[in-house]
Each structure stands twice: as C-alpha cells, then as structure tokens.
Amino acid sequence: MINDNTTHQNLEIQNTARQNLEIQGSLYYLIGIMTMISISIGMQIISKYTISNILPMIFTYGIIFILSFILYRRKKNHKSVTLLSWIIGIYSVLLVSALKFKYAADLDWQYSTESYHVSATLCTFVLMLHYFYNKKLYLTAGAIAFTTWIIFLIMAQKNGVVFHV
C-alpha cells in the first residue's frame, strides 16, 4: 500500500498557463536587464569612460538585476511578488529619469537634452515592464516617465536650452 504522504511529495505543483506566462515574463525581464547592462558597460568602455564613471552605473543596474533575479525565483516558487515588482518598476524608471538631471548638473543642460540614449533607455525600461503582466504598474511607470520627462524639458528650457519645432 502506498503511503499518502509519499504520494503527495512526489506530485509536482502544476502551474496554470498564467503562472507559466508570468514566470517566463520575469525571465525575459531578467535577460533584458542583463542585455542592457552589458550594452551600457560596452558603450561606456568604447567611449573611454573612466572606471569611476562606470562603477556607479554597474552598482545601480546591479541592484535592479539582483531584485529581478529574486523576483524570478519567487515567481518560480509560487511566492508573492507584487511589492517587489512595484519596487523594481518604479526604481528603474526613477533611476533613468534621474540620470538626465545628473547629466544636466555634471555636464550641461544642452548635452543632457541631446542624450537620446538615456531617453531610449527610459522607454526600454518602461516597455520591459510589460513582462510583469501588471497593467497598473505599467501605466504608473509610464506616467512617471512621461511626467519626469516633461519636468526635465521645462527645466532645460528655463536653463537656456532652445527647442526648435
């Protein structure tokens, strides 16, 4: 006779289609973050940035990577990730938005305004959030990105940047 305890231990937890989709999505997000980090490091090395300029980027993107890995593992283990996904989403959008202001402070407003790679990174971070399958998070992150971008453009104009339409 088979012990019910043994039979129960041998059964694997079956994921629903939605759970499989969310697990795959979190893996795709993790791969996307790794790709973005690699490209960013590569471009900064090619641009002959000093290691002191590259390390802060590695540290901040590293935080997003670690949190994304934790999110992926938690999803695989059927644990709650709601708060963690919000932290990752908002942190990543605010991080890239803050970079525009950092460029303005460290270099100048004109350079920061023309830094299209930062704008592309911001759009990519927002778009990658669709892999979390959380519509509220996606819309909130998009609204934050749009709002910080408008605030940045207003401040840039007030600091002498001329926009040609």
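The values are calculated or read from the model by the stated rules, or taken from the named source; none is laboratory data. None of the values given here were measured: they were computed from a predicted structure. Note: ideal-geometry Cβ built from the backbone for every residue, glycine included; neighbour counts use all protein chains shown. Areas reflect the complete protein model, heavy atoms only, side chains present, ligands, DNA and RNA absent. Shrake-Rupley method; radii C 1.70, N 1.55, O 1.52, S 1.80 Å.
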message: For the condition under 15 Å from the mean Cα position of the chain (by Cα) and open to solvent by 30 Å² or more (accessible area, probe 1.4 Å), what is the one hit in Met34, Met57?
response: Met34
query: Does the range 149-160 contain at least one residue that is closer than 28 Å to Phe69 by Cα, out of contact with any strand residue (DSSP E or B) (no Cβ under 8 Å at 6 or more places or on another chain) and surrounded by fewer than 20 Cβ atoms within 10 Å (Cβ to Cβ)?
result: no
Cβ pairs under 7 Å, 6+ apart, first in the range 72-84 and more than 14 Å from Leu30 (Cα to Cα), second assigned to a helix (DSSP H, G or I) and open to solvent by 80 Å² or more (accessible area, probe 1.4 Å): Val81/Arg74
field: Among the residues listed as Gln14, Gln24, Gln44, the single one being at pLDDT below 90 and open to solvent by 70 Å² or more (accessible area, probe 1.4 Å)
entry: Gln14
task: Tally the residues that are open to solvent by 50 Å² or more (accessible area, probe 1.4 Å) and either closer than 16 Å to Pro56 by Cβ or not in a helix (DSSP H, G or I) (or both), restricting the search to the range 102-116.
output: 5
- request: Determine, yes or no, whether Ser92 is under 15 Å from the mean Cα position of the chain (by Cα), more than 17 Å from Phe65 (Cα to Cα) and in contact (Cβ under 8 Å) with a residue 24 or more places away in the chain.
  value: no
query: So which residues in the range 126-165 are without any contact (Cβ under 8 Å) to a residue 40 or more places away in the chain, assigned to a helix (DSSP H, G or I) and among the hydrophobic types (A, V, I, L, M, F, W, C)?
result: Val126, Leu127, Leu139, Ala143, Phe146, Ile150, Ile151, Ile154
